[in-house]
1. So Pro64 fits all but one of (1) at pLDDT 90 or above; (2) open to solvent by less than 40 Å² (accessible area, probe 1.4 Å); what number is the exception?
2. Checking Ile122 against (1) open to solvent by 10 Å² or more (accessible area, probe 1.4 Å); (2) among the hydrophobic types (A, V, I, L, M, F, W, C); (3) closer than 30 Å to Pro399 by Cβ, which test does it fail?
3. Exactly one of (1) open to solvent by 20 Å² or more (accessible area, probe 1.4 Å); (2) over 29 Å from Ile679 (Cβ atoms) is unmet by Ala757. Its number?
4. Can you tell me which residue among Ala95, Ala25 is of a type in the set (A, V, I, L, M), modelled with pLDDT of 95 or more, in a loop (DSSP other than H, G, I, E, B) and open to solvent by less than 30 Å² (accessible area, probe 1.4 Å)?
5. Pairs only if they're at least six apart or on different chains, beta carbon under 6 angstrom, first in the stretch 678-692 and outside the structural domain of Phe454 (by TED's automatic domain parsing) and over 13 Å from Ala649 (Cβ atoms), second assigned to a helix (DSSP H, G or I) and open to solvent by less than 30 Å² (accessible area, probe 1.4 Å); list them, first residue then second.
6. Quick check, is Asp351 open to solvent by less than 70 Å² (accessible area, probe 1.4 Å) and in a helix (DSSP H, G or I)?
7. Any chance the stretch 700-723 includes a residue that's part of a loop (DSSP other than H, G, I, E, B), modelled with pLDDT of 95 or more, acidic (Asp, Glu) and within 23 Å of the chain's Cα centre (by Cα)?
8. Tell me, yes or no, whether the stretch 452-471 has at least one residue that is assigned to a loop (DSSP other than H, G, I, E, B), more than 23 Å from the chain's Cα centre (by Cα) and in the same structural domain as Trp522 (by TED's automatic domain parsing).
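The values are calculated or read from the model by the stated rules, or taken from the named source; none is laboratory data. None of these values were measured; they are calculated from a predicted model. So basically every Cβ, Gly included, is an ideal-geometry build from the backbone, and we count neighbours across all protein chains shown. These accessible areas exclude ligands, DNA and RNA; they are computed on the full protein's heavy atoms, side chains included. Shrake-Rupley method; radii C 1.70, N 1.55, O 1.52, S 1.80 Å.
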Amino acid sequence: MAEVASLGFCSRLSRRAFLLQTGAASCGVLFAFHGESGAARATVLGQASVGVPLSFNSWVTLHPTGRIEVVVPGIELGQGSHSTLAMFVAEELDADWSHVTVVAAPADEARFGNPMFWGLQITAGSRTCLGYFDVLRLAGAQARYVLLTAAARLWNCPISELQTAESFVLHQPSARRAPYSELIRAAHVPEKFPDFVAPADRPQLPDDFFGDPAPSPIAPRPGLKNAIRLKSPNQYRLLCRDKPRIDIPPKVNGNAVYGIDIRIPEMAHAMIETGSVPSDIPDTIDDAAVRRIPGVLEVVRLPYGVAVVGSDFFAARAGRQKLRVTWRPGTKAHTYNSAQTLDEFSRIAGDPTGNPGIRVFQHGDPVRGRALLSRQEYGVAGTEVVSFEARSELVYHAPLEPQNAILLFNKNAQSAEAWVGTQWPKMEQEAVARVLGIKAADVKINSALVGGSFGRRQEPGAIIDAAHIVRVIPRPIKVTWTREDDLKRNPFRQALVCRIDAAVDASGVIKAIRHRVVADSWFARLFPDFFAQYKQSDPGNWVGALNSYDIPIQTIEAITVRKTVDVCYMRGIGVAQVKFSQESLIDQISSRHGQDPLQYRLRMLRKVPRATRVLKAVSQMADWSRRRDGRALGLACIPYSNSYSALIAEVSLDRGTGQIHVHHVWSCIDAGLALQPDIISAQLEGGIIQGLSIALMERATLKDGVVQESNFHEYPVLRMSHAPKIDIQVLSTDNAPTGIGEIGVIQIAPAVNNAVAILLGTHLKSLPMLPEQVLRVLKDQQRL
């Protein structure tokens, strides 16, 4: 048996064809920012020869056929980022959209890092379009400038007389026109580009999670003269309207190549057997029966499991089924129990004196706030304290495509090449490098299309298995997890308890509010530096407590409790859980004071016109004031990633089974400058469906560290037959573009709970909102 030491990390193609090149971008020119020198300067390409593509910068290459290749740094996860990012370039280049193709950027944060995500090359946090909007428009403008100067030189005319449209340069005085492809021969990429500016742009706003935005390379600034102006939104012909997405046709016709589809020559397949708790260590291994199976090539002991390597997937799977392994007991993960964990979190949340936590946010007078919120110590007259505490269980990311990766290790050259679907290529690079003992720069990552992620692929999975195996087997290895593997080995969305106390006066006005958020932390596990920068807290847990309501005193306290089961951010991070508590509390208070939930919110948000606008719009969409027989409407208003959204859900209850039925959902969003309205609608629709699934049925339960659910028959997700009708209204406003990838998930659960409270007489206080919770409330009401 082979054994490895512990080096762990704490042209169209057929769908089944080998993905010959991803990341083989024509990036011969570094990006040129406003004539800066050093690393940002462009190198001189000189005159391009006939038939040779021309790279204008790191992002755009023009081919003699007229094809325009755009390097996109964001990963296509189904959210349409490849189309939107390429469109930023095409808009400023005045390219024919049908000529545009995309190439995934290689792992190279120095060139392709997101300036609005701390320079990281990661697709997450609703930041991809925001972060690359200015960078890619500038890339397109630079390419257009090169083509215009080429035409001006050829036609001996001033550049001011030239126009561009649909991949042509036009000279109206002489009626001359030339396609971009013909201008390659006369084109020169300058050593230093002129300045470009977008004076019509509204500046990006600070973000609750990320803080102040990075400086824009195209923002007006003092002393800037003779800069070339980028388009204003009223000149757009691709952006702010719906255009065909690049990724949809191959996904429909089967030509799209996902990570799980990729094959390379000489590749072997591997499957990994782990213990009932994935961190268990193999003790004894009986592989005699395994080795008799045709196609089984090797059995490899890993630090945390056993790999069966076969000539194909089926041989590897059959071999794994024949393995007999005993596991070394005693790993700490065996101490984790879901119910006990939430009980512990609840005790901590309710004990601000014994467990004060970290005060991560304070607005207003904290002394006055404590007086208002403490009934025993201060007892402020005329004010009552209204509390709401909600629990949320661990949740599985449930991507359609489970974890998989291919790794090729060249031991002599001390280099490796991987094919993997990932949100963060650098993380995969570094994970492989650690296991193989090589430099991260010597690991090439080819990013494949991803069949769903929702945050899971922000950190490595199957590629670590492959790295251990290729150390002892000298051939390319593909590791594929089954659904059962994926569920068992998944780092879940964190279990979380959020307790909110609000001091409310006799008229229903909230005078002070305190959020206490208790959860484990992804930051603390993988990014202790970031954790420290946020005062030893994880903003992904508590940032949802920030709100737009006019409340003079606000406090947020975060308590991080490290547990023995790994957690990872999920779409909506912890905002979805905290907003569930927050928006449920708002309805609870309005109900206690006999006030309409819509009017109550409008009064508290009168200083936030973007919020009031979406509230009024969604109330009209849903006909808020009309009574429904046997049904109720629930409302939530959510700000996130500088978007403002309001959602109304129409809900009924089956009092016999306790089942919650959601019939219709209306949502209105102010997305700032809505760059792709149809994609925004699709993101909201998908988010609402996923959020509803999580709200009503999804949970991973652990007993003694063992996940009790094995596949979708035990871990149910929302089916089409239970999906509500969804109406979306996208408001494009004069604000900067905003993030929309996660907000749909966040808003649906509290809206449903607010409707349930009308039908049931009380809010539910656990996620998911299971039928047994409803039946328990009904039974308690019958006792009374």
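1. The failed condition is (2).
2. Status for Ile122: all satisfied but (1).
3. Among (1) open to solvent by 20 Å² or more (accessible area, probe 1.4 Å); (2) over 29 Å from Ile679 (Cβ atoms), Ala757 violates only (1).
4. One residue alone meets the criteria, Ala95.
5. Leu684/Gly744; Gly687/Gly744; Gly687/Val745; Gln690/Val745
6. Working: open to solvent by less than 70 Å² (accessible area, probe 1.4 Å): yes; in a helix (DSSP H, G or I): no.
Judged against the criteria, Asp351 is not a match.
7. Checked the stretch 700-723: no residue is part of a loop (DSSP other than H, G, I, E, B), modelled with pLDDT of 95 or more, acidic (Asp, Glu) and within 23 Å of the chain's Cα centre (by Cα).
8. First, the residues of the stretch 452-471 that are assigned to a loop (DSSP other than H, G, I, E, B): 452-455, 459-461, 471.
Still in the running and more than 23 Å from the chain's Cα centre (by Cα): 471.
After this cut, where a residue has to be in the same structural domain as Trp522 (by TED's automatic domain parsing) as well, the list is none.
Scanning the stretch 452-471 turns up no residue that is assigned to a loop (DSSP other than H, G, I, E, B), more than 23 Å from the chain's Cα centre (by Cα) and in the same structural domain as Trp522 (by TED's automatic domain parsing).
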